[in-house]
Structures are given as structure tokens and as C-alpha cells.
Amino acid sequence: MPKYVVEPMPPAISAEVVALLERTETATVGHWRHWGFVDRRVQGLLRKRVAGTAVTVQCPGPDSTILHHALGLLRPGDILLVDRLGDDRHACWGGGVTVAAKAAGCKAGVVDGACTDIEEVEASDFPLWCRGLAPITTRIYDLGGRMNVPVAIGGVVVMPGDAVLCDESGVLVLPPGEAEAEARAAIARQERGLATQGRVAAGEKLGEISGASGKVAAGLA
């Protein structure tokens, strides 16, 4: 078994689908979809709504050799997802990784583990999701690692080339063939929601619009 595995970079999600996803709220998709949502404890340090193509890394324990290598392969529009293989002690992502990722055109990072250097992340204006902050960092220990292989991020299997949507509510991973339809359905639902909010603001009752009040009345009868 080789120490390192680096598979080819995956096909990019189309600009059209990325634009649709960036009009989509993860919480809207959460009205009907129950899979693909990363553990809610993976939270944004610097949150913006961004979408892009999944590039994956498996980075073991105290070592960040494969992560540093991956930064040199990133393309504009990629989102880098880092599987820490259960490590929650060492921060693999800090200020230096942030600057390198942003310089490559990477749109965001998602780390199933700890990060550090929050001030530098904020100064770089770089969207980043992780499980929290830690003061102990990884080093270049040459322990091995894998890139562009299936990984586990917050309970979700992520394939290289998946569509990734990150926002204030969390992270959603979608197979490329499902991303456009889910985004269009979400955008339509969001537009209906705005119309409903307008009706409520004008004086109608939400329970009457949604049908909830009718169900309560029937239950009381």
C-alpha cells in the first residue's frame, strides 16, 4: 500500500449549477431532503453562502503533508474538504493554509476537525467550516495521506467532484447529477415562502395559509 494516493482532479461543477446553488439555502433543501447534510457541529468560522466542486483530502493525526500538497493542485471554484480521520486535537488549517487556498481560487474549506488562526482567516475573508478551534497544530511529519478519494465529512460520504453548498446553516453535499434539480426546487420554494411572508405581513394568519389551523380545528371537533 503506497504511503500517498493522489487521484486526478475531478470534473468541475458547471458555472450555471454553481450560480443556482448560490441562490439556494441549505435549510430550504432540508425541508424535504434528509441525506447529504454534514453534522451540524461542523460550523462556519467565516460564513458566506458559497458553492463549488468537492476536492477531498484524508489527513492523518498530527500530519498535514498531504494537505499542503493539495493546496498546490486546487483550481478556481473548488471547495476543499478535509477528513481528519477522527483527530480532534490538532488544527490542520490556519492562516498559512487559508492564504494558499484563497490564492489558488479555492472558494471555501470544510474541515471535519479543528482549525486555528481565526483572526487570519477573518482577515483573508475566506469562508471556512470546522468543528472548532485548537491551539495545537499539525506538522509536516510525512505520515501519508490521500487526495481525491471518497472521504467522510461529518457523517457524509463525499466523492471528489460532488457539488458542495455551504452557508450560515451548515454544509450540504450533493451528487453532481442531482444538484441542479435540487437547487431549482429550492429557489422555487424560497420564492413561494417570500410570497407567504408578504401575505402574513399584510394580516393573514400563517396557520390558515399553511392549513395548520384547519387541522387543529378538526382535531378539536
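Quick check: convex hull of the Cα atoms in the chain, volume per residue, rounded to a whole Å³?
Working: hull volume 32.6 nm³, N = 221.
Convex hull of Cα atoms, per residue: 148 Å³.
Connecting C-alpha atoms closer than 10 Å in a GNM of the chain, tell me which of 176, 160, 135 has the biggest fluctuation.
Result: 135 has the largest fluctuation of those listed.
Pick from 163, 27, 101: which is most flexible by mean-square fluctuation in a GNM of the chain where alpha carbon atoms under 10 Å apart are linked?
27
Determine, from the Cβ-Cβ distance of residue 69 and residue 190 and an R0 of 41 Å, the FRET efficiency 1/(1 + (r/R0)^6), rounded to the nearest 0.05.
Working: r = 39 Å, r/R0 = 0.96.
Efficiency at R0 = 41 Å is approximately 0.55.
In the stretch 32-48, which residues have a backbone nitrogen under 11 Å from the label point lying 7 Å from residue 178's Cα in the Cα-to-Cβ direction?
So the set is 33-37.
Semi-axes, largest first, in whole Å: what does sqrt of 5 times each Cα gyration tensor eigenvalue give for the stretch 73-190?
Working: eigenvalues 128, 55, 38 Å².
Whole-Å semi-axes of the equivalent ellipsoid: 25, 17, 14.
What does the helix-only formula give at 222 nm for the chain: each DSSP H stretch with n ≥ 4 adding -39500 (n - 2.57), the total divided by the residues, and the result rounded to the nearest 500 deg cm²/dmol?
Numbers: 8 runs with 74 residues, N = 221.
Calculated at 222 nm, the ellipticity per residue is -9500 deg cm²/dmol.
Would you list 28, 138 from fewest to most Cβ contacts within 10 Å? Write down the numbers at each step before the final one.
Working: 28 20, 138 27.
Fewest-to-most ranking of 28, 138: 28, 138.
Taking the Cβ-Cβ separation of residue 119 and residue 7 as r and a Förster radius of 41 Å, what is the calculated FRET efficiency to the nearest 0.05?
On the way: r = 34 Å, r/R0 = 0.84.
Computed FRET efficiency for residue 119 and residue 7 comes out at 0.75.
Run down the lysines and flag those whose C-alpha is under 25 Å from the C-alpha of residue 102, throwing out any fewer than 8 positions away in its chain.
48
Could you line up 21, 74 from fewest to most neighbouring Cβ atoms inside 10 Å? List each step's numbers first, then the result.
Numbers: 21 28, 74 20.
Listed from fewest to most nearby Cβ atoms, that is 74, 21.
For each cysteine in the chain, check whether another cysteine's C-beta sits under 4.7 Å from its C-beta; list those where none does.
59, 92, 106, 166
Averaged over every viewing direction, what's the projected area of the C-alpha convex hull for the stretch 5-77? Give it in nm², one decimal, please.
On the way: hull surface 26.7 nm².
If I average the Cα hull's projected area over directions, I get 6.7 nm².
If you restrict to DSSP beta bridges whose two residues both lie in the chain, what percentage is antiparallel, to the nearest 5? Display every interim value, and only then the final one.
Values: 18 of 38 bridges.
Taking every DSSP beta bridge with both residues in the chain, the antiparallel ones total about 45 percent.
To the nearest Å, what is the center-to-center distance of the stretch 2-59 and the stretch 69-114, using C-alpha atoms only?
Here the answer is 13 Å between Cα centres.
How far, in nm, would the chain grow between residue 19 and residue 41 when pulled straight, counting 0.36 nm per residue and subtracting the alpha carbon separation?
5.3 nm
Hey, in the GNM for the chain with a 10 angstrom Cα cutoff, which one of 154, 36, 72 fluctuates hardest?
Taking springs between Cα atoms under 10 Å, the residue moving most is 72.
Each reported figure results from applying straightforward, stated rules to the coordinates on display, with no laboratory input. Please read these numbers as outputs of a predicted model, since none were measured by experiment. Quick reminder, even Gly has a Cβ in these numbers, built from the backbone with ideal geometry, and neighbours come from all protein chains shown.
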